[in-house]
Amino acid sequence: MSNSLVVSVGRVAWGYVFLYLDFSLNGFNFLPDWACYAFVLWALPGLALCERSVKLLEPLAWLLLIVDAAEWVLPVFGLGTLIDEAYILGVVISVVSLYFHFQLLTNLADIAGRFNAKRQKSVLLLRNVRTVLLTLLALPWPIDRIEGSLDTFIGAIIMLVGFSLIIWTLYTFFGLRGDIAQWIERENPGD
């Protein structure tokens with residue numbers, strides 16, 4: 001193992017910063033989602049040193065990067081987004097994204113298991129919670145029929161869970177990067 005694995009896990013962590021955080025000014029997002037997939041693509045060779053199957057995610061990462069980049073750029077030119085124009089495309093991209101992140105987190109859990117069993121369990125639980133939450137949010141709920149304080153309560157719960165998921169993800173990934181760095185330092189003192 002080398003420091004490239006540490007760097008690669010760090011790249012995935014930074015990718016999720018771009019995916020989860022939104023800093024918009026006048027409708028322009030300065031932390032675009034497509035950057036997540038660029039960071040992951042940049043990380044895949046280093047992750048593959050430890051978990052070869054992660055390279056199978058490369059075509060999906062490219063697809064998600066291209067679609068998200070188009071979604072980011074088209075409104076700048078006053079055009080509608082691809083997802084808004086073609087409902088079925090939105091459904092397909094949502095399913096691909098859900099699978100991509102599920103498998104990426106599965107691969108990261110396998111990598112984590114080689115360095116820290118508790119971190120592996122955390123990544124697996126994070127994967128499961130994220131998948132269930134995003135699946136529930138993708139379903140067509142009759143939210144528009146809910147009025148008053150119940151609507152506010154449901155919105156607050158979703159925001160709280162979402163915020164917790166963001167903190168948990170970043171804590172877990174940056175922590176995994178630290179675990180791997182410590183393991184490398186113990187195995188190769190003086191390098």
Subject >> Cut-off of 10 Å, at most 13 other beta carbons, DSSP loop: longest stretch of the chain lacking such chymotrypsin sites (Phe, Trp or Tyr not before Pro) >> reply: 31-191
**OP:** Evaluate the distance, in nm, between pseudo-label points positioned 7 Å from the Cα of residue 52 and of residue 187 along their respective Cα→Cβ axes.
**Re:** 1.7 nm
Original post:
Which value at 222 nm does the chain reach when only helices count, each DSSP H run of 4 or more adding -39,500 (n - 2.57), with the total divided by all residues and rounded to the nearest 500 deg cm²/dmol?
Top reply: -25500 deg cm²/dmol
Subject >> Carbon + sulfur, % of accessible area of the chain - ligands and nucleic acids excluded, 1.4 Å >> reply: 67 percent
**OP:** Could you tell me how many degrees, from 0 to 90 and to the nearest 10, lie between the Cα long axis of helix 58-73 and the main elongation axis, the longest principal axis, of the Cα atoms of the chain?
**Re:** 40 degrees
Original post:
Given +1 on the Cβ of Lys and Arg, -1 on the Cβ of Asp and Glu, and no further charges, what dipole in debye does the chain carry about its Cα centre, rounded to the nearest 20?
Top reply: 720 debye
Original post:
Using just the C-alpha positions of the chain as equal point scatterers, what log10 of I(q)/I(0) does the Debye formula give at each q in 0.10, 0.14, 0.19 1/Å?
Top reply: -0.47, -0.87, -1.40
Subject >> Surface accessible to a 1.4 Å probe, per residue, for the residues of the chain, Å² >> reply: 59 Å²
Original post:
How far, in degrees from 0 to 90, does helix 149-187 lean away from the longest principal axis of the Cα atoms of the chain, to the nearest 10?
Top reply: 20 degrees
**OP:** Would you compute, for the Cα atoms of segment 15-78, the largest minus smallest coordinate along each principal axis and list the three values in descending order, in whole Å?
**Re:** 42, 19, 12
Original post:
Under a Cβ-Cβ cut-off of 15 Å, what is the net charge of the residues other than residue 10 that fall near it, where Lys and Arg count +1 and Asp and Glu count -1?
Top reply: +2
**OP:** Report, to the nearest 10°, how far helix 34-48 tilts away from the longest principal axis of the Cα atoms in the chain, using its own Cα long axis and a range of 0 to 90°.
**Re:** 30 degrees
Subject >> Heavy-atom SASA rank of 169, 135, 152, 106 (probe 1.4 Å, accessible area, largest first) >> reply: 152, 135, 106, 169
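The values are calculated or read from the model by the stated rules, or taken from the named source; none is laboratory data. Note that the structure is a prediction, hence the values are computed from the model and not measured. Note that we place each Cβ from the backbone using ideal geometry, even for glycine, and neighbour counts take in every protein chain shown. When the accessible area is computed, the model is the full protein with side chains, heavy atoms only, and any ligands, DNA or RNA have been set aside. Shrake-Rupley method; radii C 1.70, N 1.55, O 1.52, S 1.80 Å.
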